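Asks: My questions all concern the structure below.
The values are calculated or read from the model by the stated rules, or taken from the named source; none is laboratory data. Being a predicted model, the structure only gives us computed values, none of them experimental. Here Cβ is always computed from backbone atoms with ideal geometry, including for glycine, and neighbour counts include all displayed protein chains.
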Amino acid sequence: MIQSMTGFGKHMVQLPSKKITIELKSLNSKSLDINARMPSAYREKELQLRKTIASSLIRGTIDFGLYVEMTGNESSSVVNEGVLRQYMEQLRSIADGEDIRLMEMALRLPDALKTDREDIDDSEYKIIQDTLENALKEINNFRSEEGVVLEKDFMERISSIKELLKNVVQIDPDRLSTIRERLEKAVADLKAEVDANRFEQELIYYLEKYDITEEKVRLDNHLDYFIETMNSADSNGKKLGFISQEIGREINTIGSKANYAPMQQLVVQMKDELEKVKEQMLNVL
């Protein structure tokens, strides 16, 4: 079963004096890239939180946000009185104004407020870990649901290529007959004596160059292997990508050997279906 690399997960927990919210967003990427946003007081736990995320999401560009909203009467910020008075004196020397107005202006200046750093206790960190685990479950569920949509699309595209391949197999004898007739007519138009045995040998050699038996067998095997890999227990987008490349290689070879308009039209349709598979493959985990 495949999974998408696109996903979203969010979980919130309410504590007595604060609300903690964790959000996870993911987009496609060849490797794992985590962008973390959190209050400075929680940075000491960032490495551990990153490890937890990496063990669950594996690949993708991940936007991780830890948001803390104070909901109680407690506050870790206090007025830096000494700095505030200096600001007000400097402002008063520049322009006249009421103290309350000067104070409003001074409070907007750097260091007017100071924040006492609070260490995260073990119980709060355990709650953050549990909240992250729940957010990870949500984003993985989202990825799985998106994977079902991708899997359905892949099955339709691969089945279409298999049907087109059946048509290629069906018209292949007509193609070889047409090529043979074309060569025989070209020789006849020369109006020259030709050794029949030698001509037949050269004709067989020429037709062997246009033989696509091996390509048809390999393409059919690659299509079956794609479906088998897609239905395996683990999502493996990289492996499916490699198989898609092999499918494309066989389709291209059939096209280069076709030398027959009806078959080349089928090849174009197969290429179109495969291109749509490759576009969606970028989103597969």
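Asks: Among the residues of the range 247-263, count how many are of a type outside the set (K, R), surrounded by fewer than 16 Cβ atoms within 10 Å (Cβ to Cβ) and either assigned to a helix (DSSP H, G or I) or free of Cβ contacts under 8 Å to residues at least 24 places away in the same chain (or both). Don't jump to the end; show me each part of the working.
Replies: Start the filter on the range 247-263 by keeping residues that are of a type outside the set (K, R), which leaves 247-248, 250-256, 258-263.
Pick out the ones that are also surrounded by fewer than 16 Cβ atoms within 10 Å (Cβ to Cβ) and you get 252, 256, 259, 261-262.
Add one more test, that the residue is either assigned to a helix (DSSP H, G or I) or free of Cβ contacts under 8 Å to residues at least 24 places away in the same chain (or both), and what stays is 252, 256, 261-262.
Result for the range 247-263: 4.
Asks: On the given criteria, is V78 in a strand (DSSP E or B), more than 30 Å from L282 (Cα to Cα), over 43 Å from the mean Cα position of the chain (by Cα) and at pLDDT below 90?
Replies: So V78 passes the test.
Asks: Just to be sure, is A36 part of a strand (DSSP E or B), without any contact (Cβ under 8 Å) to a residue 40 or more places away in the chain and in the same structural domain as N134 (by TED's automatic domain parsing)?
Replies: Values: part of a strand (DSSP E or B): yes; without any contact (Cβ under 8 Å) to a residue 40 or more places away in the chain: yes; in the same structural domain as N134 (by TED's automatic domain parsing): yes.
When the stated conditions are applied, A36 passes them.
Asks: Only one of L27, L47, L32 is hydrophobic (A, V, I, L, M, F, W, C), under 30 Å from the mean Cα position of the chain (by Cα) and farther than 30 Å from E279 by Cβ. Can you tell me which? Write out each step before concluding.
Replies: On the way: L27 fails: farther than 30 Å from E279 by Cβ; L32 fails: farther than 30 Å from E279 by Cβ.
Only one candidate passes the filter, namely L47.
Asks: Taking the options M1, M5, name whichever one is among the hydrophobic types (A, V, I, L, M, F, W, C), buried (at least 18 other Cβ atoms within 10 Å of the Cβ) and under 20 Å from the mean Cα position of the chain (by Cα).
Replies: Numbers: M1 fails: buried (at least 18 other Cβ atoms within 10 Å of the Cβ).
Checking each option against the conditions leaves just M5.
Asks: For S29, indicate whether it is at pLDDT 80 or above and assigned to a loop (DSSP other than H, G, I, E, B).
Replies: Numbers: at pLDDT 80 or above: yes; assigned to a loop (DSSP other than H, G, I, E, B): yes.
Yes; evaluated as a whole, the condition is true for this residue.
Asks: Continuing with this model, one more query. Would you confirm, using the coordinates I've provided, whether V277 is hydrophobic (A, V, I, L, M, F, W, C) and touching a Lys or Arg at 6+ places or on another chain (Cβ under 8 Å)?
Replies: Values: hydrophobic (A, V, I, L, M, F, W, C): yes; touching a Lys or Arg at 6+ places or on another chain (Cβ under 8 Å): yes.
So V277 passes the test.
Asks: Under the condition of being surrounded by fewer than 14 Cβ atoms within 10 Å (Cβ to Cβ) and of a type in the set (D, E), which residue from the range 8-59 is nearest to I127 (Cα to Cα)?
Replies: If we take residues in the range 8-59 being surrounded by fewer than 14 Cβ atoms within 10 Å (Cβ to Cβ) and of a type in the set (D, E), then E44 is nearest to I127 (Cα to Cα).
Asks: Now for a different question. Examine the range 33-46 for a residue that is of a type outside the set (F, W, Y) and under 21 Å from S235 (Cα atoms), and state whether such a residue exists.
Replies: Start the filter on the range 33-46 by keeping residues that are of a type outside the set (F, W, Y), which leaves 33-41, 43-46.
Now narrow it down to the ones that are under 21 Å from S235 (Cα atoms): 33-34.
Taking every residue of the range 33-46 in turn, at least one turns out to be of a type outside the set (F, W, Y) and under 21 Å from S235 (Cα atoms).
Asks: In addition: Give the range 204-238 a look and list any residue that's of a type in the set (K, R) and either at pLDDT 95 or above or part of a loop (DSSP other than H, G, I, E, B) (or both), or say none. Write out each step before concluding.
Replies: Going residue by residue through the range 204-238, those that are of a type in the set (K, R) are 209, 216, 218, 238.
Passing the criteria: K216, R218.
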